[in-house]
Amino acid sequence: LGIVFLLFTEGLQLSPDRLLKLGNFFKLGLAQFILTIAAITAANLYLGPQVLPAAERFILLDDELVRPILSTPVLAFCLAGAGALSSSAFVLPELKQRGWEERADGTAALAVLLLQDIAVAPLLVLLPLVAGSGPQGSAELGVLVAKATFGFGGVLVAGSVLLRQIFSVVAAARSSETFVAATLLVAIGMGVAADALGLSTTTGAFAAGVLLAGSQYRQQIEADIKPFEGILLGIFFMTAGANLDPALCVAEWPTLLSGILAFLGAKLGLLFGLGAFAFGLTRSEAI
């Protein structure tokens, strides 16, 4: 829920001018996502088996974890898909704290993060197909795509009309508690609707924020949900931490650290190259 409200708040802050700036960098996010998956998959399958024997002379890697990834295309692709994504929950608060949201590199980072959030849905559809457990017929796949595209498009059209009317009625009640409840309901409701249509909950919440960004209630909404955003985001981090196995991390720290450095190196190299040489960022901004 913390990430849902974080993306809802980000959507609220998007003016038409800022949306245009983000649109300029969506191609960067798409290129980063596709090329990262391709590069990591190829490196695992073709470069990994050549490098592993030399690496094991210096680093105590777990063969039971590493070798299946380097020899199984499905595992290599799944790992690359996860590695191509980033956590909005970590990055967006940092951008706000440093005041980088309006800078070119901050705008590019936000565009990349939003594209990755949107890409979660097709990735979740694609992974079962690659593993052989998803819809096998073209008709079934077409239904999924149509539901996500046209279904969510219909929700956006209906939401653009209904949301402002709903908040007009709520504001007329002159009850801050009712206003907060309506805001929470809209953010969660749009997230649930997006999830039901095969998209991520964060995509739905972000879309709800964008729809309300041009309304006269934007500032009041931002002020009212600010305390809830911090609390729920804290719950998210606590939940993520509770799922972490410290003993496993300690036991596998050479493999874990090597994987983290490899992922960071691949994504840093791709984003720097794309940002500095293809999308008009300076070298310092691309870094």
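For the chain, adding -39500 (n - 2.57) for each run of n ≥ 4 DSSP H residues and dividing by the number of residues yields -26000 deg cm²/dmol at 222 nm. Convex hull over the Cα atoms of region 1-68, averaged projected area in nm²? Value for region 1-68: 7.8 nm². In terms of its Cα atoms, the chain spans 71, 47, 42 Å along the principal axes, sorted from long to short. Listed values for region 86-103 are Karplus-derived 3J(HN,Hα) couplings in whole Hz (6.51 cos²θ - 1.76 cosθ + 1.60, θ = phi - 60°), namely 10, 9, 4, 5, 8, 7, 4, x, 5, 4, 5, 4, 8, x, 9, 4, 8, 6, and x replaces Gly and Pro.
Only Cα pairs under 8 Å and 6+ residues apart enter the sum, and on that basis the relative contact order of region 174-259 stands at 21 percent. Gyration tensor analysis over the Cα atoms of region 186-228 returns equivalent ellipsoid semi-axes of 21, 11, 6 Å (largest first, whole Å).
Candidate cross-link partners of residue 96 among the aspartates and glutamates, defined by an alpha-carbon separation under 16 Å and a same-chain spacing of 8 or more, comprise 10, 105, 222, 229.
Checking the a/c ratio against 1.5 first, then a/b against b/c, what shape does the Cα gyration tensor give for region 198-287?
oblate
For residue 100, the accessible surface of its heavy atoms amounts to roughly 90 Å² (probe 1.4 Å, protein chains only, rounded to the nearest 10). With the highest mean first, a sort of the peptides 52-61, 263-272 on other beta-carbon atoms found within 10 angstrom per residue produces 263-272, 52-61. Given 119, 79, 28, which one lies farthest toward the positive end of the charge dipole of the chain, if we put +1 on the Cβ of every Lys and Arg and -1 on the Cβ of every Asp and Glu? In the chain, that residue is 28. Summary of the geometry: region 202-221 and region 43-101, compared by the centres of their Cα atoms, lie 35 Å apart. Per residue, the convex hull spanned by the Cα atoms of region 24-105 amounts to 136 cubic angstrom.
When you count the other C-beta atoms within 10 angstrom of each residue and take the mean per peptide, 189-197, 205-213, 104-112, 62-70 line up highest first as 205-213, 104-112, 189-197, 62-70. Across the chain, the relative contact order, built from alpha-carbon pairs under 8 Å that are at least six residues apart, equals 34 percent.
Across q = 0.12, 0.22, 0.24 Å⁻¹, region 60-133 modelled as identical point scatterers on its alpha-carbon atoms has Debye log10 I(q)/I(0) values of -0.50, -0.93, -1.01, in the order of the q list.
The values are calculated or read from the model by the stated rules, or taken from the named source; none is laboratory data. Bear in mind that the values here come from a model prediction, so they are computed numbers and not experimental data. Methodologically, a virtual Cβ is constructed for each residue, glycine included, from the backbone with ideal geometry; neighbour enumeration extends over all protein chains shown. For accessibility, only protein heavy atoms count, side chains too; no ligands or nucleic acids. Shrake-Rupley method; radii C 1.70, N 1.55, O 1.52, S 1.80 Å.
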